[in-house]
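The values are calculated or read from the model by the stated rules, or taken from the named source; none is laboratory data. Predicted, not measured: the structure shown is a model, and the values here were computed from it. Positions of Cβ are backbone-derived with ideal geometry, glycine not excepted, and every protein chain shown enters the neighbour counts.
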Amino acid sequence: MHDPSDISPSQPYVVTNESGDAIPAKSTWPMVVGSICVAYGVLGMCLQGGSVLFTNFGGQLMQAQGIDFHMPSEMALAMNVQASILLPLGIVLAIGGAMLLMRRKLGAKLVLVWAAARILMAIVGLAWGMMTLDVSVDYSREILESMASSSNPAIAKAAQADLDNFDVASVRSDGIRNLVLVTLGMSIMPCVIGFLLTTKKRAAEVQSW
């Protein structure tokens, strides 16, 4: 028989009507974390799929609007390589989340693998972004120049105004800031999930599944 005094004050419990035993309530965190992982994984795959389509076919779409668009090879390579890694990781996360919902040990392991790989990818992405920062600045200016020569008067006028105010130092500074912010933003989810799954209490619960 379970004694209510043996249960941690922070651990919710229910008392059965038949025997009066106090038993721990079933934890809900696997449902919450698992659902978030599935949603995040699916959303990430959709975004990466869109990134691949824009990288490889965005030029044709822009040209259809009268804008001569050519993405630098360094940027196209980085985006395609990133997608080739993050798409499978999204699948790993979604499967891991689904297995968490079913309270399977492998689910926690898959999610932790995703978290570690995602943080590593964020760091690599930051380093690559810093190395190709000048390419990105030139790319931004080339886009404005192409849009300024667009056959669409409204697009051309707006782009020319931005081009007249284009400052390399300012754009470079903004690029560094944005890289850091994106890296931090992309690291929040894996850090939080990794922490949640490695706390002593939850790790012990996972081992009991």
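One residue is enough: does segment 144-163 have a residue meeting the conditions out of contact with any helix residue (DSSP H, G or I) (no Cβ under 7 Å at 6 or more places or on another chain), of a type in the set (Asp, Glu) and assigned to a helix (DSSP H, G or I)? Within segment 144-163 (the criterion being out of contact with any helix residue (DSSP H, G or I) (no Cβ under 7 Å at 6 or more places or on another chain), of a type in the set (Asp, Glu) and assigned to a helix (DSSP H, G or I)), the answer is no, since none of the residues qualifies. From the list Met79, Met75, the lone residue that is modelled with pLDDT under 90 and within 15 Å of the chain's Cα centre (by Cα) is Met79. When the test is whether a residue is more than 24 Å from Leu53 (Cα to Cα), in a helix (DSSP H, G or I) and at pLDDT 80 or above, Ala108 passes it.
Listed by first and then second residue, the pairs with beta-carbon distance under 9 Å, at least 6 apart or on different chains, first residue in segment 188-209 and more than 14 Å from Gly107 (Cα to Cα), second assigned to a helix (DSSP H, G or I) and of a type in the set (D, E, K, R), are Met189/Arg118; Pro190/Arg118.
Kindly establish whether Ser208 is under 21 Å from Ser35 (Cα atoms) and surrounded by fewer than 17 Cβ atoms within 10 Å (Cβ to Cβ). Yes. Close contacts from segment 155-184, counting a first residue that is over 19 Å from Glu145 (Cα atoms) and a second that is hydroxyl-bearing (Ser, Thr, Tyr) and surrounded by fewer than 13 Cβ atoms within 10 Å (Cβ to Cβ), with Cβ to Cβ under 8 Å and a gap of 6+ residues or different chains, come to none at all.
Here's a check for you: in segment 143-193, which residue that is over 23 Å from Trp128 (Cβ atoms) and modelled with pLDDT of 85 or more is surrounded by the most Cβ atoms within 10 Å (Cβ to Cβ)? Quick ask: steps written out before the conclusion?
Just the residues of segment 143-193 that are over 23 Å from Trp128 (Cβ atoms), to begin with: 144-167, 192-193.
Checking which are modelled with pLDDT of 85 or more leaves us with 192-193.
Working: Val192: 13, Ile193: 23.
The selected residue is Ile193.
For segment 27-55, filtered to residues that are without any contact (Cβ under 8 Å) to a residue 12 or more places away in the chain and closer than 19 Å to Lys201 by Cβ, the residue that is surrounded by the most Cβ atoms within 10 Å (Cβ to Cβ) is Val32. Is it true that some residue in segment 129-139 is in contact (Cβ under 8 Å) with a residue 24 or more places away in the chain and in a loop (DSSP other than H, G, I, E, B)? Yes: one or more hits.
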